[in-house]
1. One quarter of the convex hull surface, Cα atoms only: what value does that give for region 288-428 in nm²?
2. Would you mind counting up the charge near Leu389? Only other residues with Cβ under 11 Å from its Cβ, with Lys and Arg at +1 and Asp and Glu at -1.
3. Could you list the residues of region 157-189 with an amide nitrogen less than 13 Å from a label point located 7 Å from the Cα of Leu196 in the Cα-to-C-beta direction?
4. Please work out, to two decimal places, the log10 of the ratio I(q)/I(0) at q = 0.23, 0.26 Å⁻¹ from a Debye calculation in which every Cα of region 259-340 carries one identical scatterer.
5. Based on alpha-carbon positions alone, could you give the equivalent ellipsoid semi-axes of region 28-166 from the gyration tensor, as √(5λ), descending, whole Å?
6. Could you list Lys221, Lys211, Lys147 in order of exposure, starting from the residue whose Cβ has the fewest other Cβ atoms within 10 Å?
7. At what distance in nm do the modelled label points of Phe127 and Ser13 sit from each other, each positioned 7 Å from its Cα along Cα→Cβ?
8. The chain: D in µm²/s via Stokes-Einstein (Kirkwood Rh, Cα pairs, 25 °C, 0.890 mPa s)?
Amino acid sequence: MADYSLVFTLVFSSALVLVLLTKFYLASRQIRHVARHRDQVPAAFAGTISLASHQKAADYTITKARFGLLELAFGTAVLVGWTLLGGIDLLNQALMNSGLAAYGSLVPQLALLAAFGLISGLLDLPFTLYSTFRIEERFGFNKMTFKLWLGDLVKSLLVGLVIGLPIVALILWIMGSTGAWWWLWAWGVWMGFNLLVLVLYPTVIAPLFNKFQPLEDESLKARVTALMQRCGFAAKGLFVMDGSKRSAHANAYFTGFGASKRVVFFDTLLKQLSPAEVDAVLAHELGHFKHKHIIKRIAAMFAMSLAGFALLGWLSTQVWFYTGLGVRPNMTGSNDALALLLFLLVVPLFSFFISPLFALLSRKHEFEADAYAIAQTDGRDLQSALLKLYQDNASTLTPDPVYVKFYYSHPPASERLSRMGAPTGTPA
Ligand SMILES: [Zn+2]
């Protein structure tokens, strides 16, 4: 058994180093590539994008990538601290000996997960603060006051407790009480929970953080309703969200299922785009629906989770899975929370290398949604809307191609516009 433990420590350490090096390599590629193209607007955009906004996008991209490297180094150190250096073991032993076990096996396990979540959250705080109040602020995107930020933090914590604690307790109970096939039951419950959140999010959770007002602009409403009817959608609800309260980044999305289905426009989007451009952006979102991208994504999530739960079901019975990650399994109490926690920490290392596949699929979906939008609205509107959005969000026009393959869920502007077939140099 000791041998397997050592082998697993080696596998884990190698994966950790490999991921660290790959991410470092990709980020440096991105930084170098963007810096090299900083002095000149790409020829295709020469007529539409100013040098100043091109350089702002370059600086924003480079700043975020550099900061990402710092986060990566810190996150890796923390992961090693939790696992090989014995952080989780220490926490677990302390809770096991604290007398909480007297309240049943569920209580110390929930305490372990809650304590872990709290400590991780605290360790992340400086990074979130710096990212919001230094980086986003410096580039003019942050609109949050510290008070609002703190309020968000407290609310997220409460929502996490109210929603998270019961589902985690239920899963732990299933792990401990339903026998060898527990992972199948747990998977079913987890999927049901995800669907429930999808239904509740737009109507219950999102309104805790933002105001949603029915779209009042009558002419825009008429336009949007006509577009939706043309595309075969019943417009259940058109809402404007006060996104400007937190950030200048603009967006629009389609959310919910059945009766809770709604279209949400960020107020920032309505301010930046003309009505025809808003139409084009909405047509793109409808394209995702027409091509069943959302259902496909949910189906992929179902399949991946099933594989994950099955793997966890097996790993949780292997002593080397714990000892190889620096944790002594409990001799008397249950190890379910430990297994769950270690699994969630380790899986991203191995799934990182299949993430380009998902990014590729997502970029393919974006092209399909663009094509649908062009068929339903004037293609020039989508082009000018995309240009404005890329520009207002300071997305670089010259990302590193390899970096794009790994990380980009949306194709770079140049690819999307050239796929639309029009010369990108002409002001639309
Ligand atoms: Zn899209």
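What follows draws every value from the coordinates through simple rules; no lab data is involved. In this text, all values refer to a predicted model and were calculated from it rather than measured experimentally. In this analysis, Cβ positions are derived from the backbone assuming ideal geometry, glycine residues included, and neighbour counts consider all displayed protein chains.
1. Averaged projected area of region 288-428's Cα convex hull equals 11.3 nm².
2. Net of charged neighbours comes to 0.
3. The answer is 162-171, 188-189, whose backbone nitrogens lie closer than 13 Å to the label point.
4. Cα-only, vacuum Debye calculation for region 259-340: -1.10, -1.18.
5. Computed over region 28-166, the values are 43, 19, 11 Å.
6. Sorted ascending by nearby Cβ count, the order is Lys147, Lys211, Lys221.
7. According to this spin-label approximation, the distance is 2.3 nm.
8. On the way: Rh = 24.3 Å.
Calculated translational D: 101 µm²/s.
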